[in-house]
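Data first, discussion second: the structure below is written as structure tokens.
The values are calculated or read from the model by the stated rules, or taken from the named source; none is laboratory data. Note that this is a predicted model, so its numbers are computed, not measured. Ideal geometry is used to build each Cβ from the backbone, glycine not excepted, and the neighbour counts take in all protein chains shown.
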Amino acid sequence: MDIVLAALGGFVLDVLLGDPPWLPWPHPVVVMGRGIAWLEPRLRAAFPATDRGELAAGGVLAALLPLGTLLAAGGGLWLAGLVHPALKFGLEVLLCWQALALRDLTKESRLVYQALTAGTLDRARAAVGRIVGRDTAALSADGVARAAVETVAENFSDGVVAPLCYMLLGGAPLALCYKAVNTMDSMVGYRNERYLYFGRAAARLDDGANYLPARLAALLLVASATLTGGDARGAWRIWRRDRRQHPSPNSAQCEAAVAGALGVRLAGPAFYFGRLCEKPTIGDDTRPIAPADILRANRMAWVAGVLCLALLCAARAALAGLL
């Protein structure tokens, strides 16, 4: 039951505070990023500069960072428990909070909406560039809005549903272990010349870790469409039709649900690091995408996040009662 209460406390803190800049400690994802940046050149140097060598080096990274995160978080909670159970519980609440990103996801995307409606296109491009990995310097206003909606959809799974799934399964240590996997993928899981082999293990690990959470997230978004004035039938139809329209087995799951609920087309070709990446489109082009669709996607994410928390907490509590 402590895990359920810690997850509830962490979710409430995320809703109220997000990731405030005044915290006296660095965010765990920042620490993970620094760890990856420190390990990468050292692991590359330790293995031959061949395809197999890079695969091996990347495999070591994919093992070290999640395992190290799991041990560090679990060890910290164990030490806190030796002092007092209340200290352990309080620390777990804080770690659960740091594993979630619902408020910041919707906050940052809302800044894109504000830039599109009350600012300049350059300001909107800069705002969306903070939350997407694609090149944004040449995006049109529609392209900016589309990118913002896509990132809300995709990161709803990575930043909310998946952490909650692992949190309710194994507490804050497992949730942060997942965040380590996800952070590795975001930093080295690219299919470019530098990371094609070195980042392969991280990318495959992230695919596996997100497989079930991404599908749960998509179904929660379909459900949330009913409660937020979206087209739930369209969300279900497009999800079933387009959920595999991406090289990743997970990325199109939530995008398809959101595209169907809003009645817009998402994805398609985009530039990454100056190179055009041809990707299939998701959804039907029934109307032009609009800045207000960012707010609609945010409302879906908020409602689906609450549904996810309630569902997983109930499942954990029921399981604990049965055991």
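Here are the numbers:
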{"quantity": "Test: Thr286 is surrounded by fewer than 20 Cβ atoms within 10 Å (Cβ to Cβ) and touching a residue at least 12 places away in the same chain (Cβ under 8 Å)", "calculated": "yes"}
{"quantity": "Contacts under 9 angstrom Cβ, first residue in region 183-194 being in contact (Cβ under 8 Å) with a residue 12 or more places away in the chain, partner charged (D, E, K, R) and assigned to a loop (DSSP other than H, G, I, E, B), 6 or more apart", "calculated": "Val188/Arg194"}
{"quantity": "Test: residue in region 162-175 that is closer than 24 Å to Gly283 by Cβ and part of a helix (DSSP H, G or I)", "calculated": "yes"}
{"quantity": "Residue match in region 99-110 (condition: of a type outside the set (Lys, Arg), touching an Asp or Glu at 6+ places or on another chain (Cβ under 6 Å), part of a loop (DSSP other than H, G, I, E, B) and under 16 Å from Tyr178 (Cβ atoms))", "calculated": "yes"}
{"quantity": "Candidates Ala317, Ala310, Ala256, filtered to the one that is in contact (Cβ under 8 Å) with a residue 40 or more places away in the chain and either within 21 Å of the chain's Cα centre (by Cα) or part of a helix (DSSP H, G or I) (or both)", "calculated": "Ala317"}
{"quantity": "Residue count for region 198-238, restricted to those that are in a loop (DSSP other than H, G, I, E, B), crowded, with 18+ Cβ neighbours inside 10 Å and not small (Gly, Ala, Ser)", "calculated": "2"}
{"quantity": "Of residues in region 27-36 being in contact (Cβ under 8 Å) with a residue 40 or more places away in the chain and part of a helix (DSSP H, G or I), the one nearest to the chain's Cα centre (by Cα)", "calculated": "Val29"}
{"quantity": "Criterion (surrounded by 14 or more Cβ atoms within 10 Å (Cβ to Cβ), modelled with pLDDT under 95 and in contact with a Pro (Cβ under 7 Å, 6 or more places away or on another chain)) met by exactly one of Ala252, Ala267", "calculated": "Ala267"}
{"quantity": "Selection status of Ala175, under 19 Å from Ala301 (Cβ atoms), modelled with pLDDT of 95 or more and either crowded, with 21+ Cβ neighbours inside 10 Å or of a type in the set (Gly, Ala, Ser) (or both)", "calculated": "yes"}
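Rundown of residues vs (1) over 30 Å from Leu196 (Cβ atoms); (2) surrounded by 13 or more Cβ atoms within 10 Å (Cβ to Cβ); (3) without any contact (Cβ under 8 Å) to a residue 60 or more places away in the chain, yes/no style:
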{"residue": "Leu5", "(1), (2), (3)": "yes, yes, no"}
{"residue": "Pro20", "(1), (2), (3)": "yes, no, yes"}
{"residue": "Pro24", "(1), (2), (3)": "yes, no, yes"}
{"residue": "Pro48", "(1), (2), (3)": "no, no, yes"}
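A quick yes/no check of all residues on (1) over 28 Å from Ala201 (Cα atoms); (2) surrounded by 21 or more Cβ atoms within 10 Å (Cβ to Cβ):
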residue: Gly76; (1), (2): no, no
residue: Ala86; (1), (2): yes, no
residue: Asp104; (1), (2): yes, no
residue: Thr151; (1), (2): no, yes
